[in-house]
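Everything on this sheet refers to the single structure shown next.
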Amino acid sequence: MSDLFEASGMHPPDAPLADRLRPASLDQVVGQDHLLGEGGPIRRMVEAGRLGSMILWGPPGTGKTTIARLLAHAAGYQYQSISAVFSGVADLKKAFEQARVRRAAGQSTLLFVDEIHRFNRAQQDGFLPFVEEGVITLVGATTENPSFELNGALLSRSQVFVLKRLDDVALDQLLTRAEAQEGKLLPLTPEARQALTALADGDGRYLLTMAETLFALPPEPALDVQALAATLQRRAPAYDKSREEHYNLISALHKSVRGSDPDAALYWLARMLNGGEDPLYLARRIVRMAVEDIGEADPLSLLVANAAKDTYDFLGSPEGELALAQAVVHLATAPKSVAVYEAFKAAKRAAAETGSLMPPAHIRNAPTKLMKSLGYGKGYQYDPSTETGFSGANYFPDEMERRVFYAPRGEGHEEKVKARLERWAAMRAAMTEGDG
């Protein structure tokens, strides 16, 4: 019976609110105007009357399934859907054969594949000949980055369209439609209504699922934010430690620290901790930030980062998380320098180029008489005992010209280091001229 309702564009009266509010045309889809609005790429396909294979990539509840169904209807294609979670090779063969029969009868098929990234590489390859022959127009839906999860050959035959998480305006449009459908207002204060959209976190279906629960409540008294929180159980934020979201968030944390924004850095730290990230992984990344982006501009940062790691090891969660937060704030507010980072990279390149050159004789180890007779260690000056504490001797290989790898700009602690290096460089130059 439900298939008859769906085929007619209607839904049974006991269907979930999200299904009853499913758009009947592309114009009713909210939040995806960049794809479906005037001049949008998918809109242009529909207006041309010919669809190309595509991958719809976006978070849950943004309309991927709905768009696929409406596309088929708008272009006059037969809509057929399978889920990669519940389908196997036999299901794919059946779908392809049905599409081939329709094609022979002059009917095009739009094959919608939900969670397409869950098919393995060999299964994904199975789509290629049918897409190339035009037996099917493939519309795949995925919440994962197609670059990582889908075969390059399949991607090359499809356009990837990115669906945006629904913003507050789009979510409020859905609530307004829901109220019109139910014939009554949600029993919420204005502040609680805003909190409801925040709880949805860009997921339209989840918003309507929560709204359906609220419609069952008496209209009075209207729920405030606290009462709303007591009525609805907040779901865990979407976060997968092994997939793209993980790398996006750690990148955001690192770049917020590098950009000297402690508030943004704390936000991304909290997002990752709330999502279940391993705090010790975060501690390791914080240590990396200290040596990569701050370095000698504030040498204390490395000590703070390591202390935060040790503190978390000692206290665990949640108390130890505060040490990570303190380290993040210290690093974000510290002066930044990549001078050591860049110097080490340059030194490694030079070492790779000149890796067989021996140290100059005066700084070679001379534990035997033979070595001493060969001049090892001869003329070595112990810098701390010289009059100025600086000998100006050459410590590079004799066959190699002196190079400058470490060039601090003078941020924070490196202001004094820079002045010291400049003084030593002048003394070295004067000694060289004197020898000449």
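Taken over segment 388-429, the criterion of being surrounded by fewer than 12 Cβ atoms within 10 Å (Cβ to Cβ), among the aliphatic types (A, V, I, L, M) and under 20 Å from Pro360 (Cβ atoms) is satisfied by Val404, Ala429. Of the helices (runs of 4 or more DSSP H) lying entirely inside segment 254-322, those carrying at least 2 residues that are over 24 Å from the mean Cα position of the chain (by Cα) and surrounded by 21 or more Cβ atoms within 10 Å (Cβ to Cβ) are 300-315.
If only residues of segment 41-75 that are more than 22 Å from Ala153 (Cβ to Cβ) and among the small types (Gly, Ala, Ser) are counted, the one that is most open to solvent (accessible area, probe 1.4 Å) is Ala48. For segment 135-151, taking the residues that are open to solvent by 50 Å² or more (accessible area, probe 1.4 Å) and out of contact with any Leu (no Cβ under 9 Å at 6 or more places or on another chain), the one that is modelled with the lowest pLDDT is identified as Phe148.
The values are calculated or read from the model by the stated rules, or taken from the named source; none is laboratory data. Please read these numbers as outputs of a predicted model, since none were measured by experiment. Please note: Cβ atoms are built from the backbone with ideal geometry, for glycine as well, and neighbour counts cover all protein chains shown. Remember, those area values only see protein heavy atoms, side chains included, never the ligands or the DNA or RNA. Shrake-Rupley method; radii C 1.70, N 1.55, O 1.52, S 1.80 Å.
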